[in-house]
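Report on the following structure.
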Amino acid sequence: MALFGHLATFFTFAALVLQVFSMIGTTYNQPFLRDLYFVKVYTGSEFVIAGLWSYCTGSNSGGVSMCSKPIPAFDWSNAGGVGSYLDGISNLDRVFLANFILYWIALGFTFLALVITIMSHFRRGPDFLASLMTFMAFVVQMVVFIIILVVCIRGVNAAKGESASVSGNLGPSMWMTLGAFVALLFSSIGYCFACICGPGRVRSHEKV
């Protein structure tokens, strides 16, 4: 049924949007971009937020004041200012690199699945391929979420251990990553049903 294909395509597109937004967060000190981060650590009136590419610092009264130059697989322990409290997650540069690469892999699978299903007009073979690709993207995206979640919790707890005045919380990009892999699961299931219920080959009367 085309309904399953359209629903799967919607979830795939939604996942792609969430992935892109999560990736570009904190890259520049601009509206919207500075509101997308994975973790926020603050002490007193100052705070630091971190994303995949960089970090930003600011104050509770003035908001974000500065964002660092984007660097692939940015290591959060290298964040300046209040970021010194994130020393508890130092020596995880390989983890950040692996997470960064996995994020791009998940994004690539999602994009290819979207292109395939749009170009194929919801036929059985391409739908099967799209279902497989979105499922692989779901698995990779879930691994990414787990990695970032563990690093965030470990970083916040380490920061709290440095000083009683330090606190932290998870940011919007974390929940968008969660939403992305849930959407990918739904899209994979939708493509699977579309593959089972959809047309597979041209019928004989359609060839005439």
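The values are calculated or read from the model by the stated rules, or taken from the named source; none is laboratory data. Keep in mind that this is a model prediction, so the values were computed, not measured. So basically every Cβ, Gly included, is an ideal-geometry build from the backbone, and we count neighbours across all protein chains shown. These accessible areas exclude ligands, DNA and RNA; they are computed on the full protein's heavy atoms, side chains included. Shrake-Rupley method; radii C 1.70, N 1.55, O 1.52, S 1.80 Å.
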Whenever you get a sec, compute what percent of the accessible area on the chain sits on carbon and sulfur atoms (1.4 Å probe).
69
How high is the relative contact order of segment 1-197, in percent, with contacts defined as C-alpha pairs under 8 Å that are six or more residues apart?
31
In degrees between 0 and 90, to the nearest 10, how far off the longest principal axis of the chain does helix 2-24 point, with axes built from Cα atoms?
20
Given the options A137, T177, G161, identify the residue whose Cα lies farthest towards the positive end of the charge dipole of the chain (+1 on Cβ of Lys, Arg; -1 on Cβ of Asp, Glu).
A137
Selected from V166, V39, V115 as most flexible by GNM, with the chain as the system and alpha-carbon contacts under 10 Å
V115
Solvent exposure ordering (accessible area, 1.4 Å, most first) of L7, L36, L102:
L7, L102, L36
Angle check, please: helix 124-162 long axis (alpha carbons) against the longest principal axis of the chain (alpha carbons), in degrees 0 to 90, nearest 10.
10
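When N is the residue count of segment 1-197, what does its C-alpha Rg come to as a fraction of 2.2 N^0.38 Å?
Compactness ratio reported: 1.14.
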Against the longest principal axis of the chain, how steep is helix 172-197, in degrees 0 to 90 to the nearest 10, with axes from Cα atoms?
10
